[in-house]
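Inspection log for the structure reproduced underneath, given as structure tokens.
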Amino acid sequence: MTANQQLSLGDAGIRVDYPEPLWVQATDALREQLASEGLRPGSRLPPERELCQNLGISRVTLRKALQALVEDGVLTPSHGRGWYVAGAAEDRNEWPNSLESFSETADRMGLVASSRVLRSEVTAATIDEAEQLAIAPGTPLFRLGRVRMLNEVAIAVDLSLVPASLLPDPARHDFRIHSLYQALAEAGHQLANAETTIEAREASAEIAEQLDVAPGSPTLVMHQLVSGRTERPVLASTIQYAGDRYRLRTYFARHNRTELL
């Protein structure tokens, strides 16, 4: 940000006694100030510490607000450098018509993906898991549980299941930063397609704690069964997204029909 382009937040109006969450108030305050100051695309915001002091909020709350502005195409993050005013508006909610990993999605959006690993172990497949993955009950399964984060903000809790024979040495991967999709590709398993189901669900106490939301908050749960090029299941995952940090936009077309009279 140049010397004559300062973001003034001296009276942001953040109120702890308001019903709106602090991060929502911070998002609105930042949006209003960016608009009123007329900052040019590419202008850099003040450091996070300064923004926190001016807004009177924690860094976790600030990053939720900044992340919301990134998703709306208002800001662009630069890892290790800060936050910048975005250029031409981009639709960051448009989901590609292709199968991509969380890390690939983050890269496409200009964000930094990371994970907090909750579990990483090999155990026997249950009857239901075996049926889902087309394997015998009791077959060793690699179980990977992670809190998925974008720019250090928790977005989702992800539990993935992979037949252990497809990923014989998972310990060599640091799944805090490494992609499971990439690990499978390096093991010779190219992913081709995914059968996906999405449902709404309230956050349990455990999920709420991991996502830093209130118990009972709305979440979106995505169940995926990912297959390789031979159509054999390779990976099953259940990803529970914080409802206020994830949006999915898709496209439907009506096909012309010939009706018999």
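The values are calculated or read from the model by the stated rules, or taken from the named source; none is laboratory data. Since the model is a prediction, treat every value here as computed from it, not as a measurement. Don't worry about glycine lacking a Cβ; one is built from the backbone with ideal geometry, like all the others, and counts go over all protein chains shown.
Of note:
- When segment 195-220 is limited to residues that are crowded, with 17+ Cβ neighbours inside 10 Å and aliphatic (A, V, I, L, M), the one that is nearest to Arg116 (Cα to Cα) turns out to be Leu211.
- Filter pass, Thr238 being buried (at least 20 other Cβ atoms within 10 Å of the Cβ), within 15 Å of the chain's Cα centre (by Cα), part of a strand (DSSP E or B) and modelled with pLDDT of 90 or more: no
- Count of segment 144-172 residues which are in a loop (DSSP other than H, G, I, E, B) and surrounded by fewer than 18 Cβ atoms within 10 Å (Cβ to Cβ): 3
- Residue match in segment 123-143 (condition: modelled with pLDDT of 85 or more, surrounded by fewer than 17 Cβ atoms within 10 Å (Cβ to Cβ) and of a type in the set (D, E, K, R)): yes
- Flag set for Ser43, criterion: over 19 Å from Lys64 (Cα atoms), modelled with pLDDT of 75 or more and surrounded by 16 or more Cβ atoms within 10 Å (Cβ to Cβ).
- Total residues in segment 118-140, condition touching a residue at least 12 places away in the same chain (Cβ under 8 Å), of a type outside the set (Ser, Thr, Tyr) and over 19 Å from Ala194 (Cα atoms): 9
- Residues of segment 40-78 that turn out to be touching a residue at least 60 places away in the same chain (Cβ under 8 Å) and not in a helix (DSSP H, G or I), as a count: 1
- Conditions (1) under 30 Å from Gly73 (Cβ atoms); (2) touching a strand residue (DSSP E or B) at 6+ places or on another chain (Cβ under 9 Å); (3) without any contact (Cβ under 8 Å) to a residue 24 or more places away in the chain: number failed by Asp158: (3)
- Failed item, numbered, when Arg81 is tested on (1) modelled with pLDDT under 80; (2) surrounded by 16 or more Cβ atoms within 10 Å (Cβ to Cβ); (3) farther than 18 Å from Thr27 by Cα: (2)
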